[in-house]
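Structure first, then comments.
The values are calculated or read from the model by the stated rules, or taken from the named source; none is laboratory data. From a predicted model like this one, the values you see are computed outputs, not experimental measurements. Neighbour counts are summed over all protein chains in view; Cβ atoms, including those assigned to glycine, are modelled from backbone coordinates with ideal geometry.
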Amino acid sequence: MKKINIICVVSVIRRVLFISLLAFLVGCDSPRQQQESDVIEAKTTSSSLNKSFDINATNIGPEFRGEEIVSIIDVMKEHESELKAPEKDEFETSDAYAKRMASFKPLKLILGDVSPEDYYLSFLPAAGYELKYDADQQKLTVDIPEALMLSWSVYDETLLNSRSYKASNAFGGEVNVQETNKVRYQLERARYDRETMETDFGGKFEGKFSRDILMHPDQARSWKNNAKILIVCKLREPWFELSNSTSEPRFDSPTAGTTTTYSLHIKLEQIWLYDYYTGKVLKKWLEDSEEVDVAKVGTKS
């Protein structure tokens, strides 16, 4: 009998020790898991770009994609009222208003204390430009069409939702309609971007961008597949814009939907050609002049 009691006591002690050990382990893991959660939250809610893009760089690192346009737009949407310059109060003197405007920093949440005029950003366009090689003349040509020189799609269209439904008209005709709703993000040049462009993108605007690079066929063969265009720019008022494009279904075209477009307004500074997989910068161009010396970039416009 005593032996059975001893066995029972030992069993109970083992259970108590096991439960205590389990509680200890869970207690140890909880702070670590909480800490990891806080780190992730801090990363996803951070709105600062940390520092201006280095336009003197000759290598920007492998698989460089530039800034996250979605994150920038999200911060601007959340604080849209803070992006607008404050109006002068009726009972405020001109000197007092000037002082208040001097401290006004609409993009502080994104750029910190740096002025937009001194802050460079870079973006990788989704598509639209063309790289082609002429073996006879041994030159690689970069072509960017006029439409792309005005706005660049940075983030491919994302499907928000879709549905199919049956529609009919007054005459009893029926058709199956496919409705899709999408969102896209793009860079759009501010309407006073460069001196060569007038208010409505007219006047002296030169249209498409085309540059030739002399290159041996062996070098071109590897470069052409890896090369990508990088847009280097600065932010400009009105900072961002929201627009919706809606299509209605027809019997000869039974599709419908809305595309929501967020446009980040910029001033184009430079166009780079770089190797996406090594980060090496091959060329840097200004839109309206000859190529920029890769080793001597950095003058403010």
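A few remarks follow.
- Only one of the listed residues (143, 136) is acidic (Asp, Glu) and assigned to a loop (DSSP other than H, G, I, E, B). That residue is 136.
- Selection within the range 126-161 - surrounded by 15 or more Cβ atoms within 10 Å (Cβ to Cβ), in contact with a Lys or Arg (Cβ under 8 Å, 6 or more places away or on another chain) and over 16 Å from residue 287 (Cα atoms): 131, 133, 140, 153, 155, 157
- Single residue of the range 146-165 satisfying the filter (assigned to a strand (DSSP E or B), charged (D, E, K, R) and modelled with pLDDT under 85) that is nearest to residue 249 (Cα to Cα): 157
- In the range 166-207, the residues that are modelled with pLDDT of 90 or more and hydroxyl-bearing (Ser, Thr, Tyr): 180, 185
- Cross-chain or 6+ apart pairs with Cβ under 6 Å, the range 77-102 first and free of Cβ contacts under 8 Å to residues at least 24 places away in the same chain and farther than 18 Å from residue 264 by Cα, then surrounded by 12 or more Cβ atoms within 10 Å (Cβ to Cβ) and among the basic types (Lys, Arg): 97/88
- Residues that are of a type in the set (Lys, Arg), more than 30 Å from residue 73 (Cβ to Cβ) and part of a strand (DSSP E or B) within the range 213-253 comprise just one, 250.
- The single condition from (1) surrounded by fewer than 12 Cβ atoms within 10 Å (Cβ to Cβ); (2) not in a loop (DSSP other than H, G, I, E, B) that residue 186 fails is (1).
- Residue within the range 80-94 that is assigned to a loop (DSSP other than H, G, I, E, B), out of contact with any Leu (no Cβ under 7 Å at 6 or more places or on another chain) and at positive phi present: no
- Against the numbered list (1) under 20 Å from residue 241 (Cβ atoms); (2) exposed (fewer than 12 other Cβ atoms within 10 Å of the Cβ), residue 63 comes up short only at (1).
- Scanning the range 63-70 finds no residues that are over 19 Å from the mean Cα position of the chain (by Cα) and free of Cβ contacts under 8 Å to residues at least 40 places away in the same chain.
- Considering 235, 242, 230, the condition of being within 29 Å of residue 180 (Cβ to Cβ) and at pLDDT 90 or above is satisfied by 242 alone.
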